[in-house]
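Structure, as structure tokens:
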Amino acid sequence: MKRVQFGHSPVPYLFVAPQIIIIAIFFLWPAAQAVHQSFLLEDAFGMSSQFVWFRNFNDVLSSPSWLKSAGFTVVFSSLVAVLSIAISLFLAVRADEVIRGAKVYKTLLMWGYAVAPPVAGLLGIMLFNPLMGDLYILFNKMGLDFNHIQNGNDATFVVVLIAVWKQVSVNFIFFLSGLQGIPKSVTEAATLDCKSAGRRFWTITFPLLAPTTFFLMVINLTYAFFETFGIIDVSTKGAPGGSTATLVYKVYVDGFLGADMGGSSAQSVLLMIMVSVLTVFQFRFIERKIHY
Amino acid sequence: MATLNLKQVEKTYAHGYKAIHGINLEIADGEFAVLVGPSGCGKSTLLRMIAGLETISTGDISIEDRVVNTIAPADRDIAMVFQNYALYPHMSNYANMAYGLKNRGYSKVEIDRRVREAGTILQLTELLDRKPRQLSGGQRQRVAMGRAIVREPKVFLFDEPLSNLDAKLRVDMRLEIKNLQQRLGTTSVYVTHDQVEAMTLADRLIVMNGGVAEQIGSPIDIYNAPATQFVAGFIGSPSMNFLSGRVSNDRSHVVLTDGTRLALDHNVAENRDVIVGIRPEHLSITTPTSSSIAAKVRITESLGAETLVYLTFGSKNEAITLRMQGTHKYAAGDELTLYSNPAQIHLFDQASGRRI
Ligand SMILES: Nc1ncnc2c1ncn2[C@@H]1O[C@H](COP(=O)(O)OP(=O)(O)O)[C@@H](O)[C@H]1O
Ligand SMILES: [Mg+2]
């Protein structure tokens, strides 16, 4: 590999400076603060603090509410990732059959991507509004005794539904371009070799989409971990009783609402560690597995 | 082993474009048929209709007396080789060849026997465990052919399988395909836009133009007696020379635009407007006679074994190409006198382009 050498001119540093400053102010500095805070215990009024080593971590890891939130996060993230990938893959395959060659459809389908994300959360709340939400009313008319305000499982259903809904359009676009990247002649050769369309999908199409699928797994897990904060805050606020609070949401609740800065910082440090491990693991796995 | 029949086959695409205008064709058992024609004339469309990758708008296609119009591609007992190989990139070469057999429920032992045998025939034995991306273009196309032959189908279909290969490899593979087809004796339909490929491979040539089969016959018959001006210009390289002219009153000559007279021995009506066709290899240099063409050299191309001389003729600067054995050198502007045996002069109707 050839490298371009810039010598020792300061110009390149100048170019990357804005990005470095942004990362430093909005990421490195708060991260350092969090690490620092996670070793401190503040008094109730935030007047003084004392260095307590790993006591905050110990408290967090042995607290039932944190373990409950961790459990919810695992279930929630897996459900969101798997469901939104499965649904969008199904939709993309059906769409691909129709739009082979027809550009107009493709453009129309792209709109979903542009419209859905900002509106999804709001639409979700309205659909499940106990007074006028269509789905809320429908479910109860069906005799499901649906009540996400009080029932943890129902609340989980609501946040998963909204989170999946918001993510499907993103995944759909990736899958659709993945499908369109498969040469037409390969699909046709498979039509001559295998009569069953289902079998063709699992033996040819799906393996060829594996890189896209793994990439989306990473994206969707990250999304479910972090970016669903807004959805949860807007819809359930972690209720009932913290049964829909992801770890990220719990950091916010404990730190900002509960004013337990030490505990909340310890939680975010734990999150940082988990995410780093997850990221390293995923990319290692992708590098090794998804080559053909 | 099978015959292939096309009866009044037509294709109209979804948005109304008519790509195939009624083609009738009977391909005998074990015959190597080549569809040749310029790009866009409907060759691939016709082949894909036989394969079942395109629907048949009207007419019938039958393989061994069974009409296959509504039969799924996988059940037609055909195998196809594509221009861009169309191998499954995530599977080994072995798995690529085995895939079609596996889906048809063959035993592991039988699959292994057939794949290894095809591997031997195509000299792929060492490459079977690799993935397609680890092979050269020529090797990939061999794997694609292996995938077709392990199936032992009734009909092979080839869609420009050599177009992605370089010139030398193309010639080698052409011979290999011919050999393989003769050895297996499988009825084959081969699509190409390359007339040399078509001439060398075909038992029977189908020259297509604008969705119509302009002429069907053996390569030599088509070369010797092209049915239309289009076929005459398409088959043979360099292309046949075309000059406009009119048959004389006594029908013994054709008079070209500048008054030059060429002797004829055709049975043709007097004063008829015609196109005179003479192949470059049927012209020779002579001393001026009453039946010769005087032309000016434009460019000379020496290919070693032969020389191509490009000339212009008459007041309208009509182009003439001359093909000579051996090496010759002419300067631009040199005057040459050309002659053709009347038996080797083709006449076409000026209006319809049909052979006279
Ligand atoms: N799927 C399609 N839809 C509409 N028109 C098509 C389609 N495929 C091919 N055509 C048109 O049909 C004509 C013949 O195409 P094709 O059979 O691919 O030609 P060839 O293989 O001889 O180059 C072309 O004019 C092409 O544009
Ligand atoms: Mg073609």
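The values are calculated or read from the model by the stated rules, or taken from the named source; none is laboratory data. What you see is a predicted model, and the numbers here were worked out from it, not measured in a lab. Backbone-built Cβ (ideal geometry, glycine too); neighbour counts: all protein chains shown. Remember, those area values only see protein heavy atoms, side chains included, never the ligands or the DNA or RNA. Shrake-Rupley method; radii C 1.70, N 1.55, O 1.52, S 1.80 Å.
Give the dimensionless ratio obtained when the Cα radius of gyration of the stretch B:231-275 is divided by 2.2 N^0.38 Å.
1.26
Of chain A, which part is the longest with no trypsin sites (Lys or Arg not before Pro) in a loop (DSSP not H, G, I, E, B) and with at most 11 other C-beta atoms within 10 angstrom?
Here the longest run is A:4-292.
Are there chymotrypsin sites (Phe, Trp or Tyr not before Pro) in the stretch B:4-112 that DSSP puts in a loop and that have at most 16 other Cβ atoms within 10 Å, and which ones?
B:Tyr13, B:Tyr17
Note the buried accessible area between A and B here, summed over both chains, with a 1.4 Å probe, in Å² to the nearest 100.
Working: alone 18320 and 16270 Å², together 32700 Å².
Approximately 1900 Å², summed over both chains.
Mind pulling the angle between the C-alpha long axis of helix A:11-23 and the longest principal axis of chain A? Nearest 10 degrees, somewhere in 0 to 90.
70 degrees
Return the equivalent ellipsoid semi-axes of the stretch A:153-292 as a descending list in whole Å, where each equals the square root of 5 times an eigenvalue of the C-alpha gyration tensor.
39, 18, 10
If only Cα atoms are counted, what is the Rg of the stretch B:2-115, and what is its Dmax, in Å?
My reading of the Cα-based Rg and Dmax gives 16.2, 49 Å.
Ignoring ligands, DNA and RNA, what percent of the accessible area of the protein assembly as shown is carbon or sulfur (1.4 Å)?
About 60 percent, which is the carbon plus sulfur part of the accessible surface.
Show me, for the stretch A:218-229, the HN-Hα J-couplings you get by feeding each phi into the Karplus relation (A = 6.51, B = -1.76, C = 1.60, θ = phi - 60°), rounded to Hz, glycine and proline as x.
Running phi through 6.51 cos²θ - 1.76 cosθ + 1.60 with θ = phi - 60° gives 4, 4, 6, 5, 4, 4, 5, 5, 10, 6, 7, 3 Hz.
I need the trypsin sites (Lys or Arg not before Pro) found in the stretch B:114-195, filtered to DSSP loop residues with at most 16 other beta carbons within 10 Å of theirs.
In loop regions of the stretch B:114-195 (DSSP not H, G, I, E or B), the sparsely surrounded trypsin sites (Lys or Arg not before Pro) are B:Arg130.
Using the Kirkwood formula over every pair of different C-alpha atoms, what hydrodynamic radius in Å results for the stretch B:4-234? The partial results should precede the final answer.
On the way: mean 1/r = 0.0550 Å⁻¹.
Mean inverse Cα-Cα distance, inverted, gives 18.2 Å.
Count, for each residue of A:179-191, the Cβ atoms from other chains sitting within 10 Å of its Cβ, then give me the mean as a whole number.
Shielding by partners across A:179-191 averages 5.
Ignoring everything but the protein chains, give the 1.4 Å probe accessible area of A:Thr279 in square angstrom, nearest 10.
60 Å²
Can you list residues whose amide H is under 5 Å from B:Thr55's amide H, if they're 5+ apart or on another chain and H is modeled 1.01 Å from N?
Residues meeting the amide H criterion: none.
State the number of lysine pairs found in chain A whose Cα atoms come within less than 27 Å, restricting to pairs 8 or more positions apart or on distinct chains.
Step by step, the pairs that qualify in chain A add up to 14.
Tell me what chain A gives for mean residue ellipticity at 222 nm when only DSSP H runs of n ≥ 4 count, each as -39,500 (n - 2.57), the sum divided by the residue total, rounded to 500 deg cm²/dmol.
After summing the helix terms and dividing by residue count, I get -22000 deg cm²/dmol.
Which ³J(HN,Hα) values, rounded to whole Hz and listed in residue order, are derived for the stretch B:245-258 from phi using the Karplus coefficients 6.51, -1.76 and 1.60 in 6.51 cos²θ - 1.76 cosθ + 1.60 with θ = phi - 60°, glycine and proline given as x?
x, 9, 6, 6, 4, 8, 6, 8, 9, 10, 9, 7, 4, 9
Taking only DSSP H segments of four or more residues, each worth -39500 (n - 2.57), what value at 222 nm results for chain B once the sum is divided by all its residues, to the nearest 500 deg cm²/dmol?
Rounded to the nearest 500, it is -7000 deg cm²/dmol.
Test of understanding: in a Gaussian network model of chain B with alpha carbons linked when under 10 Å, which of B:Ala98, B:Ala86, B:Ala28 would top the mean-square fluctuation ranking?
Highest fluctuation among the options: B:Ala86.
Within the set of other residues whose C-beta is less than 11 Å from the C-beta of B:Ile20, count the net charge using Lys and Arg as +1 and Asp and Glu as -1.
Values: positive: B:Lys11, B:Lys18, B:Lys43, B:Arg48; negative: B:Glu10, B:Glu54.
The answer is +2.
I'd like to check one number: the per residue accessible area of the stretch A:116-222, probe 1.4 Å, reported in Å² as a whole number.
That works out to 47 Å² per residue.
Give a residue-ordered list of calculated ³J(HN,Hα) values for the stretch B:38-43 (Karplus: 6.51 cos²θ - 1.76 cosθ + 1.60, θ = phi - 60°; whole Hz; x for Gly, Pro).
Result, rounded to whole Hz: x, 4, x, 7, x, 4.
Can you work out the accessible area per residue across chain B, with the rest of the protein chains kept in place, probe 1.4 Å, in square angstrom?
So chain B comes to 43 Å² accessible per residue, rounded to a whole number.
Using only C-alpha positions, report the orientation-averaged shadow area of the convex hull of chain A, nm², one decimal.
Value for chain A: 23.1 nm².
For the stretch B:80-102, state which residues have at least 30 Å² less accessible area in the presence of all protein chains than in their chain by itself, taking the probe as 1.4 Å and leaving out ligands, DNA and RNA.
When all protein chains are present, B:Phe82, B:Ala86, B:Tyr88, B:Pro89, B:His90, B:Tyr99 each give up 30 Å² or more of accessible surface.
Keeping every protein chain in place, order A:Ser243, A:Ser38 by accessible area at 1.4 Å, biggest value first, i.e. largest first.
A:Ser243, A:Ser38
In the protein assembly as shown, if every C-alpha pair distance is counted and binned at 10 Å from zero, what percent goes to each bin?
3, 11, 15, 15, 14, 13, 11, 7, 5, 4, 2, 0, 0
Rolling a 1.4 angstrom probe over the protein chains, ignoring ligands and nucleic acids, what is the accessible area of A:Trp165 in square angstrom, nearest 10?
Here the accessible area works out near 90 Å².
Taking the stretch A:17-102 on its own, what percent of its Cα-Cα pair distances exceed 17 Å?
So the portion of pairs separated by more than 17 Å is 73 percent.
Take peptide B:147-153, look around each residue's Cβ out to 10 angstrom, count Cβ atoms belonging to other protein chains, and average those counts.
Mean shielding count: 1.
Report the residue, chosen from A:Met217, A:Met132, A:Met261, that carries the largest GNM mean-square fluctuation when chain A is represented by alpha-carbon nodes joined by springs under 10 Å.
Comparing A:Met217, A:Met132, A:Met261 in a Gaussian network model of chain A, the most mobile one is A:Met132.
Quick one: which residues, 5 or more positions from B:Tyr190 or on another chain, have an amide H under 5 Å from its amide H? H modelled 1.01 Å from N in the peptide plane, none for Pro or chain starts.
B:Ala33, B:Val34, B:Leu35, B:Phe158
Based on the alpha-carbon gyration tensor of the stretch B:241-349 and its eigenvalue square roots a ≥ b ≥ c, which shape applies: rounded if a/c is under 1.5, prolate if not and a/b is larger than b/c, or oblate?
In terms of gyration-tensor shape, prolate.
So how many Lys-Lys pairs in the stretch B:62-199 land under 19 Å Cα to Cα, not counting same-chain pairs under 8 apart?
Number of lysine pairs found: 4.
Using amide H atoms built 1.01 Å from N in the peptide plane, name the residues 5+ places from B:Glu318, or on other chains, whose amide H lies under 5 Å from its own.
Amide H neighbours of B:Glu318, under 5 Å, 5+ apart: B:Phe313.
Given a Förster distance of 51 angstrom, what is the FRET efficiency for A:Leu131 paired with A:Ser48, based on the Cβ-Cβ distance and rounded to 0.05?
0.60
Residue by residue through B:67-76, how many Cβ atoms from other chains fall within 10 Å of the Cβ on average?
Across B:67-76, the average partner-chain Cβ count within 10 Å equals 2.
Would you look at the GNM of chain A, springs on alpha carbons closer than 10 Å, and say which of A:Val52, A:Val275, A:Val248 moves the most?
Maximum fluctuation in the GNM of chain A, among the listed residues, is at A:Val52.
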